[in-house]
Amino acid sequence: MSLVDSERRVLSGMRPSGRLHLGHYHGVLKSWVKLQHEYECFFCIVDWHALTINYQEVGQISQHVMDIAVDWLAAGVSPSSATLFIQSQVPEHAELHLLLSMISPLSWLERVPSYKEQQDRLPGRELATYGFLGYPLLQAADILLYRAGVVPVGADQLAHIEFAREVARRFNHLYGREPGFELKAEAAIRKLGKKTATLYNNLRRAYQQQGDVEALETARALLKEQQSITIGDKERLFGYLEGGGKVLLPEPRPLLSDAPRLPGLDGGKMSKSGGNAIFLRDSSAEVEEKIRRMPTDPARVHRDDPGNPARCPVWPLHEIYTGAETRVALQQGCTSAGIGCLDCKGPLIEAVQKELQPLQARAADYQANPELLRSILAEGAERARNEARETLTEVRLALGLNYR
Ligand code: TRP
Ligand code: SF4
């Protein structure tokens, strides 16, 4: 059993619902591409989650899964840095979901806001199902299965992450207590050696008596460095710091993206269903056409009416794509009616086309080579399964399912 450094481990997931657009790119994928060099990253295409909502129309799932995989790779998520895989190819997600269901109070699930919200938003879908009620629990299993400490998500997912934390806490509380835990922890402290033991005790006291979070962090760092004690003892001492038993499933924390939200072509939120998206694989001609057709400041009816960028849906895109100097000139041209809207859109069209070119070249490579794509996903599933199995071994043992 290896000790996982959960603070350095990232897991995130995306539901396969077709091709990705610029909103996904700026809001999520660019941050994943960065994270993959800083953390041990697992990125999961959650096809079972798609089923919880779309069980009535399953014909397109596999195409959507492949599309999302191509788009991730196109955006620069790299199989040599991160583990990319399909949820249903790692059946351990289902086993952990089942085992955690034993300790998940119905009331916790019913109170997660998305349960009621989605039923109201999608009335034709019959979402009063066992599977959909369990959506947050399946998500918790996705995360806890890898003992990932860091979960990059959007603000809409915070309630789900909080739920995962509660489930982990409950699990650790119920099963992290081995007989004689305190005695074993105290024995483990002595094995640290006198100096380190004193330091550990002081930090633990500072955290437990004064709530000093920095002391907790320092103590964790101290434990991480220790090479002379066993992994079991190390886990005990991690758990003992916080007062409880062993931390079997570490509580994950959300990592919110600080990227500004990319507006859609109509100024609303960019989304596939909104019909206002530029997709990563839109051709240059489509990009041009979509931006040319964008509405602008409604007060600017004629070419010689002065405009106001603050009222124009195109402007927020300039704020992302266009350098400050050009922006000053465009703003000046707009408010003085010195330029027309198509003049203003020109540099934007070019910037988006230029940004997408390398992505599309990569996407074309993968599309031309479905074998390669499949092998990347198979290899990802294999790597993910190896990690998942280790967690499940511990979980089964903690639950008394030990038949060796
Ligand atoms: N529910 C998430 C969403 O709709 C997708 C998801 C499933 C996920 N499992 C996850 C996100 C695990 C982060 C971690 O966006
Ligand atoms: Fe919008 Fe540019 Fe037209 Fe002004 S000139 S209204 S900012 S598109």
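The values are calculated or read from the model by the stated rules, or taken from the named source; none is laboratory data. Owing to the predicted nature of the structure, the values given are computational and were not obtained by experimental measurement. FYI the Cβ positions are ideal-geometry reconstructions off the backbone, even for glycines, and counts take in every protein chain you see. Heavy atoms of the whole protein, side chains included, go into the accessibility calculation; ligands, DNA and RNA do not. Shrake-Rupley method; radii C 1.70, N 1.55, O 1.52, S 1.80 Å.
For the reader, a short list of remarks on this structure follows.
- Checked against (1) over 24 Å from Gly23 (Cβ atoms); (2) within 16 Å of ligand 2 (Cβ to nearest atom); (3) aliphatic (A, V, I, L, M), Ala368 passes all but a single condition, namely (2).
- Selection from region 280-301 of residues that are part of a helix (DSSP H, G or I), surrounded by 12 or more Cβ atoms within 10 Å (Cβ to Cβ) and not charged (D, E, K, R): Ser284, Val287, Ile291
- Region 175-227, residues that are outside any helix (DSSP H, G or I) and over 35 Å from the mean Cα position of the chain (by Cα): Pro179, Gly180, Leu192, Gly193
- The set of residues in region 192-247 that are open to solvent by 80 Å² or more (accessible area, probe 1.4 Å), at pLDDT 90 or above and within 22 Å of Arg177 (Cβ to Cβ) comprises Arg205, Thr230.
- For region 375-398, the set of residues classified as open to solvent by less than 50 Å² (accessible area, probe 1.4 Å), among the hydrophobic types (A, V, I, L, M, F, W, C) and closer than 18 Å to Phe171 by Cα consists of Ala388, Leu392, Val395, Ala398, listed by residue number.
- Residue pairs whose Cβ atoms lie under 7 Å apart, sitting 6 or more positions apart in sequence or on different chains, and linking a residue in region 325-344 that is in the same structural domain as Trp315 (by TED's automatic domain parsing) and over 14 Å from Val314 (Cα atoms) to a partner that is among the β-branched types (Val, Ile, Thr) and open to solvent by less than 60 Å² (accessible area, probe 1.4 Å), are Gly333/Ile339.
- Within region 316-331, not a single residue is among the β-branched types (Val, Ile, Thr) and within 9 Å of ligand 2 (Cβ to nearest atom).
- Annotation: of all residues in region 248-279 being among the aliphatic types (A, V, I, L, M) and either within 16 Å of Ala168 (Cβ to Cβ) or within 19 Å of the chain's Cα centre (by Cα) (or both), the one that is surrounded by the most Cβ atoms within 10 Å (Cβ to Cβ) is Leu249.
- Residue ID - nearest to ligand 1 (Cβ to nearest atom), chosen from residues in region 302-316 that are touching a helix residue (DSSP H, G or I) at 6+ places or on another chain (Cβ under 7 Å) and part of a loop (DSSP other than H, G, I, E, B): Val314
- Residue in region 61-84 that is within 16 Å of ligand 1 (Cβ to nearest atom), closer than 17 Å to Ser12 by Cβ and of a type in the set (S, T, N, Q) present: yes
- Put simply, of Val10, Val70 the only residue that is at negative phi, away from ligand 2 (no atom under 16 Å from the Cβ), buried (at least 20 other Cβ atoms within 10 Å of the Cβ) and not in a helix (DSSP H, G or I) is Val10.
- Note on region 73-122: enclosed helices (runs of 4 or more DSSP H) holding 2 or more residues that are open to solvent by less than 60 Å² (accessible area, probe 1.4 Å) and under 28 Å from Glu394 (Cβ atoms) are 92-101, 106-111.
- For region 128-150, the tally of residues that are within 11 Å of ligand 1 (Cβ to nearest atom) and surrounded by fewer than 21 Cβ atoms within 10 Å (Cβ to Cβ) stands at 0.
- Residue check for Ala168: in a helix (DSSP H, G or I), more than 14 Å from ligand 1 (Cβ to nearest atom) and more than 28 Å from Gln56 (Cβ to Cβ): no
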